[in-house]
Amino acid sequence: MKNFILFDNDGVLVETEKWYFEANVKALSQLNIKLHEDVYQEIMARGGTAWEVAQKQGIEEHIIDKQREKRDIYYQEFLKTKDITISGVKETLKELSKKYKMAIITTSRRADFDLIHKNRGIVDFMDFTLCVEEYKRAKPYPDPYLAGLKKFNAKKEHTIVVEDSQRGLSSAFAAKIDCAIVKNEFTKTHDFSKAKYFIENIKDLKELLSTL
């Protein structure tokens with residue numbers, strides 16, 4: 001019996017991952033570095049950083065730091081101007097909130113997370129949210145989801161994680177929490193062999209939970 005749901009944010013509740021990629025592409029292009037999607041996906045899957053590409057080319061750290069700041073600006077511009085809505089999310093959360101305790105566990109910065117969810121209504125259904133500043137080590141380490149368990153005072157066997165990336169799955173698996181992967185075109189090349197469940201769409205989550 002599952003009583004607690006820990007949601008990833010990007011790619012599960014909002015369609016933001018491709019825009020984070022594009023922000024990295026734009027910032028790196030100003031260093032004359034082309035960030036290819038297959039390279040980015042490999043980095044993303046294991047929880048690395050796009051700036052590895054610049055480091056490998058010998059770009060100095062102070063220059064990378066400056067471009068990282070620009071990347072953050074570009075990403076926030078995308079968040080303000082692009083449609084990042086995923087169909088069915090609010091309706092699904094509304095239904096699930098009647099029966100389950102829910103939280104969002106994300107590697108997003110709090111500044112980005114708050115911008116994403118301004119007037120979106122998604123966090124209204126959550127008991128709490130945890131961003132990257134609020135636990136010791138980011139995904140793929142187990143720390144984020146262990147922090148979620150601790151905050152709920154929940155048992156692992158009563159909890160399910162909903163993810164869309166290999167990095168997030170690795171975090172849930174390391175925390176020994178069952179994980180459901182929701183299909184996302186952007187992360188389709190990731191290795192999901194450690195997942196316990198698979199759903200085509202966030203709308204299918206209610207049906208899955210009813211069988212557990």
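The values are calculated or read from the model by the stated rules, or taken from the named source; none is laboratory data. Remember, predicted model here, so these are calculated numbers, not experimental data. We place every Cβ from the backbone using ideal geometry, glycine too, and count neighbours over all the protein chains shown. Just the protein is used for accessible areas: all its heavy atoms, side chains included, with ligands, DNA and RNA removed. Shrake-Rupley method; radii C 1.70, N 1.55, O 1.52, S 1.80 Å.
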*Take the stretch 78-116 and flag every residue that is touching a residue at least 24 places away in the same chain (Cβ under 8 Å), part of a helix (DSSP H, G or I) and among the hydroxyl-bearing types (S, T, Y).*
T92
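Per-residue answers, yes or no, for (1) charged (D, E, K, R); (2) free of Cβ contacts under 8 Å to residues at least 60 places away in the same chain:
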position	(1), (2)
K2	yes, no
L6	no, no
E17	yes, no
N24	no, yes
A27	no, yes
*Among the candidates K98, K94, K66, which residue alone is among the charged types (D, E, K, R), touching a helix residue (DSSP H, G or I) at 6+ places or on another chain (Cβ under 9 Å) and open to solvent by 30 Å² or more (accessible area, probe 1.4 Å)?*
K94
*Residues L212, L149, L130, L169: which one is modelled with pLDDT under 95 and either closer than 17 Å to G11 by Cα or not β-branched (V, I, T) (or both)?*
L212
*Is it true that N184 is of a type outside the set (D, E, K, R) and touching an Asp or Glu at 6+ places or on another chain (Cβ under 7 Å)?*
yes
_If I filter the stretch 12-45 down to residues being touching a strand residue (DSSP E or B) at 6+ places or on another chain (Cβ under 8 Å) and open to solvent by less than 20 Å² (accessible area, probe 1.4 Å), which single residue comes out as nearest to K80 (Cα to Cα)?_
T16
*For the stretch 46-55, name all the residues that are of a type outside the set (S, T, N, Q) and open to solvent by 10 Å² or more (accessible area, probe 1.4 Å).*
R46, G47, G48, E52, V53
